[in-house]
Amino acid sequence: MNEPVSPFQPLPQDQPDCIVECRACTQRWTVYRQQLGLPLRCPACGSADRPVYVGTMGVGSGSQVAFSSFQTLLDDRRVLRMIETWLSLRHLGGERFVNSVGQDVPLAAIHHAIQGRAEWQGALYNVYMDRVR
Ligand SMILES: [Zn+2]
């Protein structure tokens, strides 16, 4: 099922803050609001289906860390400690986190929770900028 992927040219003020999930492999990533409902290519499996919209990240502070960037921070002890402390989760390795009763918590939900709280968002952003430099 491969439809042509729609071209989309974001404006400078546009932020890819909408989280979508691949129907084929359940990979989650962020896209621009204008891309919702369009066939998009999954960064993980390459499927070009219409992904399922699962939520929108926090907006407006200018210190968001995109989901794809957040994924690259999971090898950083500071970030893992933040997630475990703030959200009372346990890291099982890779992108797997479980809550106090052992249920899996999707990474997109963790990212969303952090982006929804200014001080968490700021702390994560500081780690991200620290590594970019
Ligand atoms: Zn996929």
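The values are calculated or read from the model by the stated rules, or taken from the named source; none is laboratory data. Keep in mind the model is a prediction, meaning the values are calculated, not measured. Cβ placement follows ideal geometry from the backbone for every residue including glycine, while neighbour counts extend to all protein chains displayed. Just the protein is used for accessible areas: all its heavy atoms, side chains included, with ligands, DNA and RNA removed. Shrake-Rupley method; radii C 1.70, N 1.55, O 1.52, S 1.80 Å.
Here are some notes:
One line per residue, one yes/no per condition, for (1) touching a helix residue (DSSP H, G or I) at 6+ places or on another chain (Cβ under 8 Å); (2) within 16 Å of Gln121 (Cβ to Cβ):
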position	(1), (2)
Cys22	no, no
Gln27	no, no
Thr30	yes, yes
Gly37	no, no
Phe70	yes, yes
Glu95	yes, no
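- In the set (1) aliphatic (A, V, I, L, M); (2) closer than 26 Å to Gln13 by Cβ; (3) open to solvent by less than 60 Å² (accessible area, probe 1.4 Å), the condition left unmet by Val132 is number (3).
- Only one entry in Ser68, Ser63 is on the phi < 0 side of the Ramachandran plot and assigned to a loop (DSSP other than H, G, I, E, B), namely Ser63.
- Set Leu80, Leu73, Leu92: member being surrounded by fewer than 14 Cβ atoms within 10 Å (Cβ to Cβ) and not in a loop (DSSP other than H, G, I, E, B): Leu92
- Residue within the range 45-57 that is modelled with pLDDT under 90, surrounded by 16 or more Cβ atoms within 10 Å (Cβ to Cβ), small (Gly, Ala, Ser) and not in a strand (DSSP E or B) present: no
- Residue check, Leu36 more than 16 Å from the ligand (Cβ to nearest atom) and either in contact (Cβ under 8 Å) with a residue 60 or more places away in the chain or closer than 24 Å to Tyr128 by Cβ (or both): no
- Some residue of the range 112-127 being of a type in the set (S, T, N, Q), crowded, with 16+ Cβ neighbours inside 10 Å and not assigned by TED's automatic domain parsing to the domain that holds Gln27: yes
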